[in-house]
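We did not get these values from a lab; they are worked out from the coordinates using the rules stated. Everything numeric here is computed off the predicted structure, so don't read it as measured data. Backbone-built Cβ (ideal geometry, glycine too); neighbour counts: all protein chains shown.
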Amino acid sequence: MNIRDSEFVMGLLIDNGFTRAESAEKADIILFNSCSVREHAEDRLISNIADLKLEKKKRPRLVIGLIGCTAQNHKSKMLERLPVLDIVCGPGNESDLPRMIKDVLKDRCSMVAVDKVDDKRPELFPSYRENKFKAFVSIGEGCDNYCSYCIVPYVRGRERSRDIEDIVREVNDLAGRGYKEVTLLGQNVNSYKGSRVQGPGSRKNIKTGFAELLQKINGIKGIERIRFMTSHPKDAHVELFKAMRDLDKICEHLHLPIQSGSDRILKLMNRNYARAKYLKLVEEYKKFVPGGSITTDIIAGFPSESDRDFNDTVDLMKEVGFDGAFTFKYSSRPPARSAELIDDVSEALKQERLEMLMVLQREISRKRNEETCGKIVQVLVDGPSERQPSLLSGRTRTNKNTIFQGPKKLTGKLVEVKIESVKPHTLIGRMT
Ligand code: 5AD
Ligand code: SF4
């Protein structure tokens with residue numbers, strides 16, 4: 001989501017006459033797009049911005065801005081904390097950035113814009129994108145779920161869905177420019193409710209759900225793969241799995257964050273589902289999308305998490321057999337509600353639990369990957385592998401990173417690869 005937001009802002013600035021600098025050293029304007037989901041990211045951001053003090057002394061005309069969730073979270077307090085900043089702009093106000101930057105350049109004043117947290121973003125489609133064949137497409141903003149640990153509803157505002165026609169127009173445009181893969185983004189895609197005109201000649205708007213959106217996008221010529229994230233287990237439904245089965249372009253990968261395997265902790269987290277419901281969903285997913293992959297997010301060390309709660313998470317991980325898991329140490333994020341609970345799991349125990357989860361997941365991922373050995377998989381080639389530039393890398397439909405030998409000119413193409421060996425995070429194969 002942050003990558004997409006950065007592209008949006010970059011595109012908007014380019015459309016307004018700015019150009020992209022080769023490096024931060026050569027830039028006249030530096031914007032930091034921030035994430036405030038975990039404390040660690042915020043701390044790093046603050047020290048990175050503070051590091052620009054010398055640079056600003058050398059080049060007093062340099063404009064430095066903070067955009068994204070941390071800007072929304074701390075508002076004008078960020079100007080006091082980081083005097084090098086000229087601009088603090090929340091996610092809802094990012095469409096105002098070209099004007100704000102011009103004002104700062106003209107008047108050398110500092111500006112704060114954080115008032116549009118609940119607004120629908122104007123339907124602007126700056127064409128700038130980092131990648132030439134894979135695109136992120138936002139289908140909505142905000143979140144109404146108020147998971148107790150999570151800051152997102154406070155900094156991204158109420159859930160609002162983009163109109164279905166606008167999304168379809170954007171994807172059509174991408175297809176026309178040669179894009180092959182789109183990833184639909186929302187905090188909870190399963191609660192998507194876009195409006196569309198009821199039918200030809202009608203002016204009445206009706207609300208449509210995620211399944212209809214998927215169907216519409218599946219019909220767009222040129223797009224070969226559709227991904228989506230994130231699904232919330234309380235709203236994910238067998239209809240989604242049927243759509244994954246029936247619509248040929250939807251990739252067989254589901255990201256379904258569990259957060260904890262303990263019912264007691266899930267309740268404290270305000271997740272609105274129990275472990276049994278999650279397991280049932282996974283069972284249905286596996287039935288409708290055989291061979292599909294499943295990944296998750298897990299938080300270790302939520303307030304009051306006991307050994308027993310933690311073991312419930314470990315057991316659930318083994319039972320589901322996730323293809324991958326993003327694991328995080330809990331951090332208190334006021335004004336999120338859990339900040340009122342005592343953060344009583346020690347840092348050392350959080351770290352220990354996190355490491356246990358990571359070791360376990362590596363083992364499970366390797367086993368899951370072994371199941372692909374000997375199989376032929378479709379890969380969309382990303383280009384030379386970062387770690388081994390003599391090889392190509394790309395993703396399978398199940399979102400597994402795959403490396404193999406081949407010419408660079410295959411970048412952006414779909415190829416077939418026979419898997420010969422695996423690592424926990426990589427498949428290794430040969431083009432057929
Ligand atoms: N502490 C640790 N992890 C968190 N996440 C969200 N809020 C917190 C927090 N306060 C994790 C969740 C979420 C992912 C994006 O970040 O697992 O799914
Ligand atoms: Fe945060 Fe929960 Fe919303 Fe995800 S669903 S963004 S974890 S409040």
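Here are a few things to note about the model shown:
- Peptides 267-273, 12-18 ranked from most to least packed give 267-273, 12-18, packing being the mean of other C-beta atoms within 10 angstrom over each peptide's residues.
- Stretching the chain fully between ASN218 and ASP51 yields a gain of 55.5 nm (0.36 nm per residue, less the alpha carbon separation).
- Lysines with Cα under 21 Å of LYS375, excluding same-chain neighbours fewer than 8 positions away: LYS249, LYS286, LYS287, LYS367, LYS400, LYS413, LYS418, LYS423
- Applying 0.36 nm per residue to the separation of ARG44 and GLU363 and subtracting their alpha-carbon distance, the gain on full extension is 111.8 nm.
- Likely footprinting exposure, ASP86, ASP309, ASP315, fewest C-beta neighbours within 10 Å first: ASP315, ASP309, ASP86
- Antiparallel bridge percentage (DSSP; both residues within segment 47-179; nearest 5): 25
- Across segment 115-123, coupling constants 3J(HN,Hα) worked out from phi with the 6.51/-1.76/1.60 Karplus curve, θ = phi - 60°, read 7, 9, 4, 9, 6, 7, 5, x, 6 Hz, and Gly and Pro carry x.
- Each peptide in 276-284, 94-102 gets a packing score, the mean of other Cβ atoms within 10 Å over its residues, and the list from highest to lowest is 94-102, 276-284.
- Here the Karplus relation 6.51 cos²θ - 1.76 cosθ + 1.60, evaluated at θ = phi - 60°, turns the backbone of segment 217-228 into coupling constants of 6, 4, x, 7, 5, x, 6, 10, 9, 10, 10, 8 Hz, with x for every Gly and Pro.
- The chain: calculated mean residue ellipticity at 222 nm from DSSP helix runs of at least 4, using -39500 (n - 2.57): -10000 deg cm²/dmol
- Antiparallel content of DSSP bridges confined to the chain, in %, to 5: 40
- Viscosity 1.306 mPa s, temperature 10 °C, Stokes-Einstein D of the chain from Kirkwood C-alpha radius, µm²/s: 68
- The Cys residues in the chain with no partner Cys Cβ within less than 4.7 Å of their Cβ are CYS35, CYS69, CYS89, CYS109, CYS143, CYS251, CYS373.
- Ranked by how many other beta carbons lie within 10 Å on average, peptides 328-340, 112-124 from highest: 328-340, 112-124
- Three-way shape call for segment 101-172 based on the alpha-carbon gyration tensor, with the a/c threshold at 1.5: oblate
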